[in-house]
Amino acid sequence: MSLKQQIVLIICLPLTLMSLCVGAYNYYSTRSFALENAEVMMDLLSTHITAEMDTRFRQIAQIGTALSRHFTSNRPDNADQIYAALEYAYDSSDAIYGGALIFDEYAFSDTRRLFAPYVLRHGASGFNRTEIPYDYTNQADPKTAWFTEPKRTGLPHWSMPYFDTGAGNTLMVTYSVPFQRYGMFAGVVGIDVSIGWLQDVIANIPGSMAKYGYCSIVGPDGVFVAQEDVSAVENGVSLFDPANIPETGEGRELWDRLRDDMANNRKGKLRLHSPGMDDNEWVILTYVPMQTTGWYVLTVIMENRLMAPIYYHAAAEGGILLVATLVVAVVAVSLIRRLVRPIRSAAQFALSVRDGDYDGRMEVPNQTEAALLVQSLNDMAAELGRREREAANHLGDLRKIFSQIAVTAGELSRVSEHVNESSQELSSGAEEQGQVFDQLASATSMIFDKASDNAAYVEKANAILGNARTDTVKGNADMVEMNRAIDDISKSAEQVATIIKTIDDIAFQTNLLSLNAAIEAARAGWHGKGFSVVAEEVRRLARHSASHATESDGMLKEAVENARRGVEMGGKTAEMLEAVQKSLDTLSEYMKDVMQSSSEQFTALSEIVTGLQQVRQVASGNAERAGANAQASAELQATAESLWQLLQTYRKETGVSSRNQERALPHSQDYYPGT
């Protein structure tokens, strides 16, 4: 990659990346700001519409409550009084399309069963009076809920949208408030509000929200009360129709959450998409309940409409950044070309100087840095030319000096050859001497090892002899102790014999006593029979004691005889051990002499081995030095021959100028093929 390409890449790549990052940041930040701003506007719009409609519906509720109280406390005598009261009350709110006082059966008159005086707004000037027959007896019809619900609950009621054929087939909703007569339900005050008025309220969205979305009003069950498409209101379409519910599990969960919030009078905000809403595009839905009617104001923002200007601005911004990047790239390429051109020329000039052309010069450009480079190259070429001329002048002197060096190198080569031969002979002799010393040292070392082994064996034998002598002394002492013990045993046997003699006498006396006892028992007759048995047992024990005493006496005599003979044998053994101890003492003296002689022999051999090792080290050092001298001589000879060859080569080439020598270097075309 050339320098120009590198500079262009260094400039354009960061600029492009920066443009992409700025564009992406602006896109996402603008998108996030737009979504947040839209959500805030939706909250404000929903709150504004809900507050406005709550205010208007609360005003209508107050009118209905006032009329209900009036007709409860004041019974009108004729229809004109009813018309006047209705016109007066309904004229205070332009949201009221019309209204009536609907009586229950025969509540107004005993002759009129169903009576409903109705006033209908006629432009801005007033009302038209009429009577409309209402059939509200069918309580199962949802269109009659405006009457049946207040009658059933006794509370005001807001109806869902319906077409009133009696009031000009107008789509409307009715607020009905019950009134009483004599404490009983008598009818309702009905106030009709045109759906057209509600359509106008939700259609006139303030600000720019109309570009991105729309508003709707639905009941708690999702049925549209007012919507941008009035046909949805006319047909009673519900927000929760199956066609509007998404097929995905996540979408169904959001739809169920919306249904639950609306059923429990909670407000909220969801981001979802529905098959029946805006071609299944993503929408932001805000729902706020009305406190007076229980209906919900829905504000819907389509993300594709909201993001369209952002996409346009992002594309425009990207185009601007791209054009700016291209312009900067073109300017950068132009500037880089002007910057690189002098550098390329300087490189070509440097290549020509390398090839030996010192006479050429470059034109100095306008740029300060490039001018400094070109001037430096011109000065370098001039200096190289001057040095070439000086080198040519000194070439003759160098030839003479090199000739003298060549003669000296020849002499040095011959001398080094003789030194090399002498060093080789000295190295060979030193090696032979080292081998002889190695053999002598090996034999001496073997003798030294044998002497060392003999000394060790003598030392071990002396140790064994000492142990035997110690054991003999100990055995003699043990023999003396054994004789003493045998003597003590003999004495104890004599004492035991005396004791056994005493036991024998006791047994004899016991036998006599038992005999006397038996005689006395015989004399006693039958009364001495038991004592006779005891005397017989005592006599039997006495006989046993005498028998055992006789046996023990024989055994003791035999033991005394054996003890006497043991004492005699112990004395003889002690005499033999004493003789052995004397022989061991004599042998120990001889072993000490042998050990001393072996130690002296070991010391002498150790000194001989040490001396041989020192001589071997000296011989080895001489051999190494002789080898080093031989190697140095060989290197010196090789160096002298190389110097000689170099000088011979120089002599042949000194006639050729350095400028005309061939160089194996590339030319400028090798670097810049296009130049």
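The values are calculated or read from the model by the stated rules, or taken from the named source; none is laboratory data. Just so it is clear, the model here is predicted, and its values are computed rather than measured. Note: ideal-geometry Cβ built from the backbone for every residue, glycine included; neighbour counts use all protein chains shown. Only protein heavy atoms, including side chains, enter the accessible area calculation; ligands, DNA and RNA are left aside. Shrake-Rupley method; radii C 1.70, N 1.55, O 1.52, S 1.80 Å.
Please enumerate the residues belonging to segment 438-487 that are charged (D, E, K, R) and either open to solvent by 80 Å² or more (accessible area, probe 1.4 Å) or farther than 30 Å from GLU558 by Cα (or both).
Those that are charged (D, E, K, R) and either open to solvent by 80 Å² or more (accessible area, probe 1.4 Å) or farther than 30 Å from GLU558 by Cα (or both): ASP438, ASP449, LYS450, ASP453, GLU459, LYS460, ARG469, ASP471, LYS474, ASP478, GLU481, ARG484.
Filter segment 78-108 down to the residues that are in contact (Cβ under 8 Å) with a residue 12 or more places away in the chain and among the hydroxyl-bearing types (Ser, Thr, Tyr), then identify the one that is nearest to TRP197 (Cα to Cα).
TYR97
Which ones in segment 561-595 are polar (S, T, N, Q) and surrounded by 11 or more Cβ atoms within 10 Å (Cβ to Cβ)?
ASN562, THR573, GLN581, SER583, SER588
Quick one: ARG341 ticks every box in (1) under 30 Å from SER29 (Cα atoms); (2) modelled with pLDDT under 70; (3) open to solvent by 90 Å² or more (accessible area, probe 1.4 Å) bar one, so which box is it?
(1)
Residues that are open to solvent by 70 Å² or more (accessible area, probe 1.4 Å), modelled with pLDDT under 70, part of a helix (DSSP H, G or I) and of a type outside the set (Ser, Thr, Tyr): does segment 632-649 have at least one?
Yes: one or more hits.
Is there a residue being at pLDDT below 90, part of a helix (DSSP H, G or I), open to solvent by 60 Å² or more (accessible area, probe 1.4 Å) and over 22 Å from VAL218 (Cα atoms) anywhere in segment 154-167?
Scanning segment 154-167, I find at least one residue that is at pLDDT below 90, part of a helix (DSSP H, G or I), open to solvent by 60 Å² or more (accessible area, probe 1.4 Å) and over 22 Å from VAL218 (Cα atoms), so the answer is yes.
Return the residue satisfying two criteria in turn: it lies in segment 80-129 and is acidic (Asp, Glu) and under 21 Å from THR144 (Cα atoms), and of such residues it is surrounded by the fewest Cβ atoms within 10 Å (Cβ to Cβ).
Applying the filter and picking the extreme gives GLU105.
Please verify whether segment 206-218 includes one or more residues that are in a loop (DSSP other than H, G, I, E, B), crowded, with 18+ Cβ neighbours inside 10 Å and under 55 Å from the mean Cα position of the chain (by Cα).
Looking through segment 206-218, none of the residues is in a loop (DSSP other than H, G, I, E, B), crowded, with 18+ Cβ neighbours inside 10 Å and under 55 Å from the mean Cα position of the chain (by Cα).
Which ones in segment 525-538 are surrounded by 13 or more Cβ atoms within 10 Å (Cβ to Cβ) and either over 19 Å from PHE508 (Cα atoms) or β-branched (Val, Ile, Thr) (or both)?
Listed by number, the residues that qualify are GLY528, PHE531, VAL534, VAL538.
Which residues, counting only those in segment 247-290, are at pLDDT below 70, part of a loop (DSSP other than H, G, I, E, B) and over 16 Å from VAL218 (Cβ atoms)?
GLU247, PRO275
Please enumerate the residues belonging to segment 52-79 that are part of a helix (DSSP H, G or I), farther than 21 Å from ARG121 by Cβ and open to solvent by 50 Å² or more (accessible area, probe 1.4 Å).
Residues satisfying the conditions are ARG69, THR72, SER73.
Which pairs turn up if I take residues in segment 52-76 that are more than 25 Å from TRP295 (Cβ to Cβ) and look for partners that are open to solvent by less than 60 Å² (accessible area, probe 1.4 Å) with beta carbon separation below 6 Å, at least 6 apart in sequence or on another chain?
PHE71/PHE179; THR72/PHE179; PRO76/ILE82
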